[in-house]
Amino acid sequence: MTHLVFLGGKGGVGKTTLSCAIAYQLAVAGRRTLLVSTDPAHSVGDVLDMEIGPAPRRVVENLYAVELDLEKVALEKGKRVIEVAAKIVPPDIYEAFSKYVDAVVRGPGVDEYVLVEKTLDYANSGYDFVVFDTAPIGHTFKLLQLPDLLRRWLELLKRQRLTYVKLSRNIAKLKGETHRSDPLLDFLEATAKRIEATARILKDPNATSFFLVANPEKVVLDETIRFIERLKELGIPLKGVIMNKHREQITPRVRHMIEKISNYIVAYVSNNEDEVYGIEKIAAMGKMIGSVLQILNQSGK
């Protein structure tokens, strides 16, 4: 199975640059790798200094990149729901139902749901590694929370639908009719299985590696420390913290904060350039994260 790699962190800490560097180093090591941008800002193309779109594009040997259009995927998902509904929703309310589904797939929170769905697809994609450049930390936390929330919600919907299905079966039996399978219940059960599988993958250290990217700044470190605790609460193992833009001249307070999470720090990246873009600079940065590659090679065997 494909090994998934997530990089999380506050906006502006260098997640995109490090995602590109990690993906590049994995590819150089002979591991077939897909770099996925899930951040609506889509900066992967800027860092790689090439046009990246919604279909995987070859960057170098063994490395492909894609900028995931979550809105488009959500609309496609909504279309499939409407197709299922056409078989079971009464004609007099079908149009209103279709409009409701269309509004839902364009609403808040849908991006995270779509990414949960896509995660399972990527886990079975055939690549050795899939590296995710995620949106800022708040969105990432919603993504990681979502599988457990969806499982509870789907279980409730399944129970409600099953009550209706059992009643329909009893009525059909009394009439001597053959009861057909219920498309909506089948859809809910299939979706629940996908969400359950995704939740298992995200919590399995042999299937998923989660890294946090931080900078030696108080605000960033405060959020990093909070997120470490949140990951523990969710049961998602943290493989390490990458300290980007590391420098020797820091305040005693910041130094103390770094010491608090020193057991989690797996790499210090001293990057003095304002901008890192293009394969040459990405390759140079990749040489500073050898310990991260070592962790991934052990995890992705």
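Table for the structure above
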| quantity | calculated |
| --- | --- |
| One residue from Ala207, Ala199, Ala214 being surrounded by 14 or more Cβ atoms within 10 Å (Cβ to Cβ), within 30 Å of Arg253 (Cβ to Cβ) and small (Gly, Ala, Ser) | Ala214 |
| Cross-chain or 6+ apart pairs with Cβ under 9 Å, segment 115-129 first and over 13 Å from Leu202 (Cβ atoms), then surrounded by fewer than 22 Cβ atoms within 10 Å (Cβ to Cβ) and of a type in the set (Asp, Glu) | none |
| Ile250 being within 19 Å of Leu18 (Cβ to Cβ) and in contact (Cβ under 8 Å) with a residue 12 or more places away in the chain | no |
| Selection from segment 244-253 of residues that are out of contact with any Phe, Trp or Tyr (no Cβ under 8 Å at 6 or more places or on another chain) and surrounded by 17 or more Cβ atoms within 10 Å (Cβ to Cβ) | Asn244, Lys245 |
| Condition met for Val292 (at pLDDT 90 or above and surrounded by fewer than 16 Cβ atoms within 10 Å (Cβ to Cβ)) | no |
| Odd one out for Asp49, checked against (1) more than 12 Å from Val213 (Cβ to Cβ); (2) touching a residue at least 60 places away in the same chain (Cβ under 8 Å); (3) under 19 Å from the mean Cα position of the chain (by Cα); (4) surrounded by fewer than 22 Cβ atoms within 10 Å (Cβ to Cβ) | (3) |
| Selected residue [β-branched (Val, Ile, Thr), over 23 Å from Val13 (Cα atoms) and either modelled with pLDDT of 80 or more or surrounded by fewer than 16 Cβ atoms within 10 Å (Cβ to Cβ) (or both)] from Val59, Val110, Val114 | Val59 |
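The values are calculated or read from the model by the stated rules, or taken from the named source; none is laboratory data. Fair warning: this is a prediction, and the values are worked out from it, not measured in the lab. Every residue, glycine as well, gets a Cβ built from its backbone with ideal geometry; the counts of neighbours run over all protein chains shown.
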